Structures are given as structure tokens and as C-alpha cells.
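The structure under discussion is supplied below as C-alpha cells; questions concerning it will follow.
The values are calculated or read from the model by the stated rules, or taken from the named source; none is laboratory data. All figures in this text were calculated on a predicted structure; none of them were measured in a lab. Methodologically, a virtual Cβ is constructed for each residue, glycine included, from the backbone with ideal geometry; neighbour enumeration extends over all protein chains shown.
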Amino acid sequence: MFFNAPSIAPIPNKEGRQIRITHPFHPLNGKQFDLVEHRCIFTESFVYFHDGDGHLREIPAAWTDFVKGDAFVELAAGRSQLHSGCLLKLCDLVGQMEKARGHGM
């Protein structure tokens, strides 16, 4: 029987997938690059690409369109970053704080 030995070598991007930098404060925001590799290191996810000068760059995957965004946040289109459940919890918290201060709502 033949088994492939484990390897730490990068797995080449066979799909030809591209990524776009989406982090608003990153200097390459809006630019698109060929994905070289995606790696999960502990709990963080990173993507690798070659920049315009050909240098291999690493960036958190969350700063790109590689990671699909939260459907609610996308649908809210910037009007709300919080889910309705989070907003209800916030209302409860504010109500509890008001009662604790003696200002019943």
C-alpha cells in the first residue's frame, strides 16, 4: 500500500481564485490578487498572495472577500451591525441599568 507522507509545503491554488482586500484601512483596499494559499494557524485564518512587486504577502482572511460575510450584516447594508437578538439584549441591559438607578422605564 502507498501512503502520501504529510507535508508542510503550500498547496498550490489550482482553482485560480482571486481575493479582494476589503479592510477599509488597509493600503491595498479594493485591490484584487491571485490567491496563492489559505492557511488556518491556531484559530486565525490567513490568505497568501503575491503583491504587485511579486512579493509573497500574508493577510488575515477576514480582511478579504475570501471569508463570506454575515448575511444579516450584508443585507443591512451598513444600517445596523447588530442582529435583532443582540439589539433585544441591549434593550434589556439598558432597562436593567435604568431600574438599578431608580429610573424605571
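Which one is surrounded by the fewest Cβ atoms within 10 Å (Cβ to Cβ), of the residues in the stretch 1-53 that are at pLDDT below 85 and hydroxyl-bearing (Ser, Thr, Tyr)?
Thr43
Right, here's the next one. What's the total number of residues in the stretch 65-75 that are touching a His at 6+ places or on another chain (Cβ under 8 Å) and modelled with pLDDT of 75 or more?
Qualifying residue count for the region: 1.
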